[in-house]
Amino acid sequence: MPITARVEYNRLPRVRRSFPGAVNTIVHEQVLQTQTDVRTNILKYDYIDTGETFRSVEGDMTGEFSGEVTVGTDYAVFGNYGTRYQPARPFFSDAVVKAEAEYPDRFKKLESQL
């Protein structure tokens, strides 16, 4: 079961209408940053055996104002959340929490220009 996080921009439609290129760039930057953070955390939590999970991390734009980061191995969810046999190594969850904290700040300057 792959793990996916979506990055979307739904706030303030005025900003989207006024600065569509800038909003697209900000969303894309966040997708790439989150993809990098997931990979960094895989190394931090020493969650590399074959390297398949590391190589399966993908960040893609799914629309003009949305994107997603996916870890494509079937067992990534067990590594991230743990099982009764192994502790959690929240390589994905930590990256999502970081993205949720960073994302609003990326728009503050743009919103102030309205």
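Of note:
- Checking each residue in the range 39-62 for being under 16 Å from Ser93 (Cα atoms), free of Cβ contacts under 8 Å to residues at least 40 places away in the same chain and among the aliphatic types (A, V, I, L, M) picks out Leu43, Val57.
- Here Thr83, Thr62 are screened, and the one residue that is within 14 Å of the chain's Cα centre (by Cα) and at pLDDT 90 or above is Thr62.
- The number of residues in the range 38-65 that are surrounded by fewer than 16 Cβ atoms within 10 Å (Cβ to Cβ) and assigned to a helix (DSSP H, G or I) comes to 5.
- Number of residues in the range 7-32 that are part of a helix (DSSP H, G or I) and under 18 Å from Glu68 (Cβ atoms) equals 10.
- Single residue of the range 66-114 satisfying the filter (in contact (Cβ under 8 Å) with a residue 12 or more places away in the chain, assigned to a helix (DSSP H, G or I) and among the aromatic types (Phe, Trp, Tyr)) that is surrounded by the fewest Cβ atoms within 10 Å (Cβ to Cβ): Tyr81
- Single condition Arg14 does not satisfy, out of (1) free of Cβ contacts under 8 Å to residues at least 60 places away in the same chain; (2) surrounded by fewer than 12 Cβ atoms within 10 Å (Cβ to Cβ): (1)
- For Gln35, the test of being assigned to a loop (DSSP other than H, G, I, E, B) and modelled with pLDDT of 85 or more is failed.
Every residue, every condition in (1) over 22 Å from Glu8 (Cβ atoms); (2) of a type in the set (Ser, Thr, Tyr), yes or no:
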residue: Met61; (1), (2): no, no
residue: Ser66; (1), (2): no, yes
residue: Asp74; (1), (2): yes, no
residue: Asn80; (1), (2): no, no
residue: Arg89; (1), (2): yes, no
residue: Lys98; (1), (2): no, no
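The values are calculated or read from the model by the stated rules, or taken from the named source; none is laboratory data. As the structure is a computational prediction, the values presented were derived from the model and not from experiment. Using ideal geometry, Cβ is built from the backbone for each residue, glycine included, and neighbour counts are taken over all protein chains shown.
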